[in-house]
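Step one of this worksheet: look at the structure below.
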Amino acid sequence: MTMAAKGKKVLVESESKLLPFGVSDSVNGINFSFPTDEQIDKIKIYSNISPYEIIDEIDISDYKVADIYSFSLKGVLSADITYTLWDKDRQIRDNYGMVVLGNSIFGEKRGEPVRYGIYHSDEYIWKDDRKPNHSYEDSFIYRLHVRGFTKHRSSRVKNKGTFAGIVEKTEYLKELGVTAVELLPAYEFDEYIDDGTDTGKINYWGYGNAHYFAPKESYSSKKGGGQINEFKNMVNELHKADIEVIMDFYFVPGTNPFFIIDCLRHWVIEYHIDGVHLNMEVAPVEMIKEDPVLASVKIFADMWDIVDRFKRKSPNKNKNLAIFNDDFMVNVRRFIKSDEGQTYGLSEKLKRNPEGCGIINYIANHYSFTLMDAVSYDRKHNESNGENNSDGTDFNYSWNCGIEGPTKKRKIKYLRLKQIKNALTILFLSQGTPMICAGDEMGRSRMGNNNPYCQDNDITWINWKLLETNREIYDYVSALAAYRRRHRVLHMREEPKNIDYLSVGLPDISFHGVEPWRVDFSYGSRQLAVLYNGKYGDNENSIYVAMNAYWEDIVFNIPEASINGSWKYVMSTEMLQETEETEDNAYSQNAQRKIKVPARSIVIYEEEKAKPNKKRVSKADIVSCKVKGE
């Protein structure tokens, strides 16, 4: 125990270091350096033994150089104290505070001032940590909310709603095929919104003012500073499973660009994160792209015009920028619900993987309908948010398949399941990086709420019982992810050029209509086929995908197979009857050039060379589309 903990006064002196900003141990005590343009009169020192017992109040108004308050304290050990900064009776935020205490219960209104703890960078022992370093073309991203991912009673984890809870689901993520998780804001933010009512509202997502350097205390199973090591252990364990960790940051307008760089460096160096998702209208693009610490870190941005500004001078620099926006989601949703004028845009998005950046493709996001809701609701249902259903976008590009909301009707449920599979098939067969939101792989619904920003309940928590109810969707996602991994032609390192630049007989990718080599991009077209030339992958089988978004069956003529080759059926989003006749006559038409693609369905074929004694495709290889439990 230090002298300060016994109640003696703390010795303050001006002999200190301006850098690093924040709080750090020095030879004889603790070094403080607070960059701010606000007036700070005093610092209050608290005992860790009795958290709100003030040991000392120190006048620091004279310890200022330019916009930096810098001083050191002697006679104390950093592990024994916490502190707060004040201007008279108003608490001042320590923007560089690396441990924030006082918000251990999510959603609870703070009764006492938030306190700051002292950060120890050497406390956690990394266990041979190695970053996975997946390229964009080899990635599959899973976007989740730390609390909502495992908070539901059905999650069957010990530490619900925490970083440790994610660790408990590591094997689940690995089996699904995930290579990276993106965490919605997991730094310390004040989620309580005082709206004048007795209960207030919840800022569930975490966007807004925050303590950007500190992991969120209420997302940890170990309070009072334990969030530091728990976050690090989560990263360490996910890395062991070959899964990267991406963090979503929202910096409020006016945030100092040097502070942003310091913050990103801090998380990369101290927490070993693999990437960040930034609001680039605030983040300093030029500084980020030239920063050596961030050179190999994945950077997600929502703005297309950032690409030219982000190009690096050296051609050897890593391709670390990726664009993240709704273009793909809108196009796919409109195509599968049979909107006109979607085929050309879809063809462009299927092959999009430009040289200057990666592309993150998704069909649902946290601020949109879930994937299940996109096929279950025609309009938003945000009444529970308390804003008379005026919040959230009115443009959801959704279709309820005949009935608004939940239903027991078999035909409607089947159609919704097929539409979900259609969207997922297009997602995983596109060249960009696929991303899904947590729970979409098990058909989660938010009851039509497309903006549950203030919902901390069953609307936003994942109900893991759905994994049993909608196992068909999970199995399909897992199968698609595995199929994508096995075929390099589906995730090439460079964007396909739609030409035969290797002179192997066919273009790397080509688009077709119901007739081969005659693609129909007319306004009324609802059919599109794509041929991936396997010789442009790893000299693998070519893949033909026929997409019929029309409400009637359509016959497609397949391009002719190569010499000694034949087209073999792989999978369909249409339900198959488990009979030899259906398999042989409807889908395994190896010798024929015509295939019937059912209404609102996608069918995949592979070209295979004739081999002696080759086994035919078994029913075990077919991913069916049955509605279970009926």
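The values are calculated or read from the model by the stated rules, or taken from the named source; none is laboratory data. Since the structure is predicted, the reported quantities are computational estimates derived from the model, not experimental observations. All Cβ positions, even for glycine, are placed from backbone atoms using ideal geometry, and neighbour counts span all protein chains on display. Ligands, DNA and RNA are stripped out before the accessible areas are found, and what is left, the full protein with its side chains, is counted by its heavy atoms. Shrake-Rupley method; radii C 1.70, N 1.55, O 1.52, S 1.80 Å.
Data table
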| read-out | value |
| --- | --- |
| Options VAL504, VAL514, VAL477; residue that is surrounded by 19 or more Cβ atoms within 10 Å (Cβ to Cβ) and over 34 Å from the mean Cα position of the chain (by Cα) | VAL514 |
| Looking only at the stretch 314-328, and only at residues there that are within 23 Å of VAL268 (Cα to Cα) and surrounded by fewer than 20 Cβ atoms within 10 Å (Cβ to Cβ), the one that is modelled with the highest pLDDT | LYS319 |
| Of all residues making up the stretch 240-249, the number that are out of contact with any helix residue (DSSP H, G or I) (no Cβ under 7 Å at 6 or more places or on another chain) and either buried (at least 21 other Cβ atoms within 10 Å of the Cβ) or part of a strand (DSSP E or B) (or both) | 4 |
| GLU387 being acidic (Asp, Glu), touching a residue at least 12 places away in the same chain (Cβ under 8 Å), more than 14 Å from GLY448 (Cα to Cα) and open to solvent by 40 Å² or more (accessible area, probe 1.4 Å) | no |
| Extreme residue, farthest from GLY402 (Cα to Cα), among residues of the stretch 345-380 that are assigned to a helix (DSSP H, G or I) and among the acidic types (Asp, Glu) | GLU348 |
| All positions within the stretch 162-172 that are within 23 Å of TYR204 (Cα to Cα) and either part of a helix (DSSP H, G or I) or touching a strand residue (DSSP E or B) at 6+ places or on another chain (Cβ under 8 Å) (or both) | PHE163, ALA164, GLY165, ILE166, VAL167, GLU168 |
| VAL181 being open to solvent by less than 30 Å² (accessible area, probe 1.4 Å), on the phi < 0 side of the Ramachandran plot and at pLDDT 95 or above | yes |
| Verdict on VAL276 being out of contact with any Phe, Trp or Tyr (no Cβ under 6 Å at 6 or more places or on another chain) and outside any loop (DSSP other than H, G, I, E, B) | no |
| Selected residue (only one of VAL375, VAL332 is of a type in the set (A, V, I, L, M) and closer than 13 Å to GLY448 by Cα) | VAL375 |
| Residue in the stretch 117-136 that is among the charged types (D, E, K, R) and assigned to a helix (DSSP H, G or I) present | no |
| GLU578 modelled with pLDDT under 95 and loosely packed, with under 14 Cβ neighbours inside 10 Å | yes |
| Any hit, the stretch 418-441, residues being over 24 Å from GLU348 (Cα atoms) and among the basic types (Lys, Arg) | no |
| Subset of the stretch 10-48 that is in a loop (DSSP other than H, G, I, E, B) and of a type in the set (Val, Ile, Thr) - its residue that is surrounded by the most Cβ atoms within 10 Å (Cβ to Cβ) | VAL10 |
| Among the residues listed as ARG485, ARG416, the single one being outside any loop (DSSP other than H, G, I, E, B), at pLDDT 95 or above, open to solvent by 10 Å² or more (accessible area, probe 1.4 Å) and within 22 Å of THR343 (Cα to Cα) | ARG416 |
| Candidate set: the stretch 343-378, residues that are more than 15 Å from THR393 (Cα to Cα) and either β-branched (Val, Ile, Thr) or free of Cβ contacts under 8 Å to residues at least 24 places away in the same chain (or both); chosen: the one surrounded by the most Cβ atoms within 10 Å (Cβ to Cβ) | ILE363 |
| Tally, over the stretch 49-64, of residues that are of a type outside the set (Asp, Glu), part of a loop (DSSP other than H, G, I, E, B) and more than 28 Å from THR255 (Cα to Cα) | 4 |
| Residue within the stretch 394-410 that is of a type in the set (A, V, I, L, M), surrounded by fewer than 24 Cβ atoms within 10 Å (Cβ to Cβ) and without any contact (Cβ under 8 Å) to a residue 12 or more places away in the chain present | yes |
| Scope the stretch 136-176; condition within 15 Å of the chain's Cα centre (by Cα), among the hydroxyl-bearing types (Ser, Thr, Tyr) and open to solvent by less than 10 Å² (accessible area, probe 1.4 Å); matching residues | SER139, TYR142 |
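Quick grid of which residues meet (1) open to solvent by 20 Å² or more (accessible area, probe 1.4 Å); (2) not acidic (Asp, Glu):
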site: TRP267; (1), (2): no, yes
site: TYR271; (1), (2): no, yes
site: VAL276; (1), (2): no, yes
site: ASP291; (1), (2): no, no
site: LEU294; (1), (2): no, yes
site: VAL297; (1), (2): no, yes
site: VAL330; (1), (2): yes, yes
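Here's the yes/no breakdown for (1) modelled with pLDDT under 95; (2) out of contact with any Ser or Thr (no Cβ under 9 Å at 6 or more places or on another chain); (3) in a loop (DSSP other than H, G, I, E, B):
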site	(1), (2), (3)
ASN450	no, no, yes
THR460	no, yes, yes
TYR476	no, no, no
GLU495	no, yes, yes
GLY505	yes, no, yes
SER525	no, no, yes
VAL530	no, no, no
ASN541	yes, yes, yes
